[in-house]
Amino acid sequence: MISGKKRLVLAAVSDFLFSTRINEAARELGMEVYFLRRQNEAFREFTVKPELMIVDLNNTMLDTIELITKMKRDPELSSVPILGYLSHVQLQLKQKAEQAGCSLVVPRTVFADKLKRFLEGGMI
């Protein structure tokens, strides 16, 4: 159970470098990050509603398209914005993520450059 913090971000990210960057940026903003290791962890009961879901669309530990689809169908989580990132050449994956309900899909470089802004709510 997440507690003690008022702002929560879910992250379906397994890459150590990006996990570290997300954690550091979130901490600077007083946010807590919950890293998902399994699909069903997104649907557990949190003490606060997540403000954002970050998805590495190349995460090999999860079916990210299925996760996005399920989140958008869940009454409790459907309004949570989903930010996906991928390689800039993966146009088909970008399209699949957007069709599944991803609010915004950006290349990894843009994600890394604007991470703090995305966490502050400047996503859309």
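Details
- Distance-filtered residues of segment 56-72 - backbone nitrogen under 16 Å, label point 7 angstrom along Lys49 Cα→Cβ: 71-72
- Between Glu66 and Val89, the simple label model (points 7 Å from Cα in the Cβ direction) yields a spacing of 2.8 nm.
- Positive minus negative residues near Lys49 (Lys, Arg vs Asp, Glu; Cβ under 11 Å): -1
- Mean residue ellipticity at 222 nm, helices only, the chain: -11000 deg cm²/dmol; runs of at least 4 DSSP H residues each add -39,500 (n - 2.57), and the sum is divided by the number of residues.
- Amide H contacts for Val55 (H built 1.01 Å from N in the peptide plane; partners 5 or more residues away or on another chain; cut-off under 5 Å): Ala12, Leu83, Gly84, Tyr85.
- Straight-distance crosslink candidates among lysines, where the alpha carbon sits under 23 Å from Lys6 and sequence neighbours closer than 8 are dropped: Lys49, Lys72, Lys114, Lys116
- Of the peptides 23-30, 92-99, 73-80, the order by per-residue mean of other Cβ atoms within 10 Å, starting with the highest, comes out as 92-99, 23-30, 73-80.
Since every read-out is calculated from the coordinates, none of them should be taken as a lab result. Note that this is a predicted model, so its numbers are computed, not measured. Backbone-built Cβ (ideal geometry, glycine too); neighbour counts: all protein chains shown.
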